[in-house]
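**Student:** The following block contains the structure, expressed as structure tokens.
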Amino acid sequence: MKFNWGHGIAIFFTFFVCATIFQVIKSREYDHTLVKEDYYIDDIQLDELMVKKENAIALSGLAISQNDQEGTVTFTIPHTGRVQGNVLFSSPVDKRQDRAFPIVLSGDQMAISIRDLRKGMWNIQMDWKDDVKSYVYGEKIILP
């Protein structure tokens, strides 16, 4: 039996179909835990988020400091009036490890224990409001 162009086309299409089926099967095994489910809502609220970030940048004395010996992260939030909000520790590795803490200030500061968090990089986002404005501030830290 001779090999002609019809055989080549048949082999090519067979290979193409097999490769496509393989890719579909492999894509179903992909870990989707880092895909944000409500990304569209976040995109709509982008203008509000930018105003909150500008408000936070205008604050003097706003800081996040890490103390590895004590195993804490200290947040300094200058404020006027009552503060309500959350601090979110989000893991870029696995969103199931994300933790949210309510903001409870002692003066202008709040300390959160980081001893039970996994080692590595964390994104910290503070989202709060006082009697005057709303704020958002974030930083990345690396836990040893």
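**Student:** Tally up the residues in segment 127-137 that are outside any strand (DSSP E or B) and either aromatic (F, W, Y) or touching a Phe, Trp or Tyr at 6+ places or on another chain (Cβ under 6 Å) (or both), please.
**Tutor:** Final tally of qualifying residues: 0.
**Student:** Give me the pairs: first residue in segment 44-57 and not assigned by TED's automatic domain parsing to the domain that holds Y137, second residue not in a helix (DSSP H, G or I), beta-carbon distance under 9 Å, and six or more apart or on different chains, which are they?
**Tutor:** No pair meets every condition.
**Student:** Quick one: in segment 103-126, which of the residues that are assigned to a strand (DSSP E or B) and either over 15 Å from Y137 (Cβ atoms) or among the hydroxyl-bearing types (S, T, Y) (or both) is modelled with the lowest pLDDT? Don't jump to the end; show me each part of the working.
**Tutor:** So in segment 103-126, the residues assigned to a strand (DSSP E or B) come out as 106, 109-113, 120-126.
Then keep just the ones that are either over 15 Å from Y137 (Cβ atoms) or among the hydroxyl-bearing types (S, T, Y) (or both); that gives 106, 111, 113, 120-121.
Working: S106: 82, A111: 91, S113: 89, G120: 89, M121: 91.
Residue satisfying both the conditions and the ranking: S106.
**Student:** Scan segment 23-37 for residues that are modelled with pLDDT under 70, of a type in the set (A, V, I, L, M) and surrounded by fewer than 10 Cβ atoms within 10 Å (Cβ to Cβ) and jot them down.
**Tutor:** Matches in segment 23-37: V35 only.
**Student:** Continuing with the same structure: Which of the residues belonging to segment 61-80 are out of contact with any Leu (no Cβ under 9 Å at 6 or more places or on another chain) and either closer than 15 Å to D130 by Cα or not assigned by TED's automatic domain parsing to the domain that holds S134 (or both)?
**Tutor:** If the condition is that a residue be out of contact with any Leu (no Cβ under 9 Å at 6 or more places or on another chain) and either closer than 15 Å to D130 by Cα or not assigned by TED's automatic domain parsing to the domain that holds S134 (or both), then L62, T80 are the ones that fit.
**Student:** Out of segment 118-144, which residues are among the aliphatic types (A, V, I, L, M) and more than 15 Å from the chain's Cα centre (by Cα)? Let's see the steps before the verdict.
**Tutor:** Going residue by residue through segment 118-144, those that are among the aliphatic types (A, V, I, L, M) are 121, 124, 126, 132, 136, 141-143.
Those that are among the aliphatic types (A, V, I, L, M) and more than 15 Å from the chain's Cα centre (by Cα): V132, L143.
The values are calculated or read from the model by the stated rules, or taken from the named source; none is laboratory data. Everything numeric in this text was worked out from a predicted model, so none of it was measured. Here the Cβ is made from the backbone with ideal geometry for all residues, glycine too, and neighbour counts use every protein chain on show.
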